[in-house]
Amino acid sequence: MWILFFLSTAFFLFLIFSHNPWLTLALPFVTTFFVKAMDII
């Protein structure tokens, strides 16, 4: 699950630097993977 989190975070940072309009759409996925990686769910 950590791999998914790191991948989504890297992708999210890429979207930030490229000023992508899909940024807000990617945010829930990053937070979901983070929560799962932290074993909160």
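Taking only DSSP H segments of four or more residues, each worth -39500 (n - 2.57), what value at 222 nm results for the chain once the sum is divided by all its residues, to the nearest 500 deg cm²/dmol? List each step's numbers first, then the result.
Numbers: 2 runs with 31 residues, N = 41.
So the helix-based figure for the chain works out to -25000 deg cm²/dmol.
What is the Cα convex hull volume of the chain when expressed per residue in Å³?
Values: hull volume 1.9 nm³, N = 41.
Measuring per residue, one finds 46 Å³ for the Cα hull of the chain.
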Worksheet entry | the chain: relative contact order as a whole-number percent, Cα under 8 Å and 6+ apart | 54
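FYI, it's all coordinate maths here, none of it is from the lab. Quantities reported herein were computed from a predicted structural model and do not represent experimental measurements.
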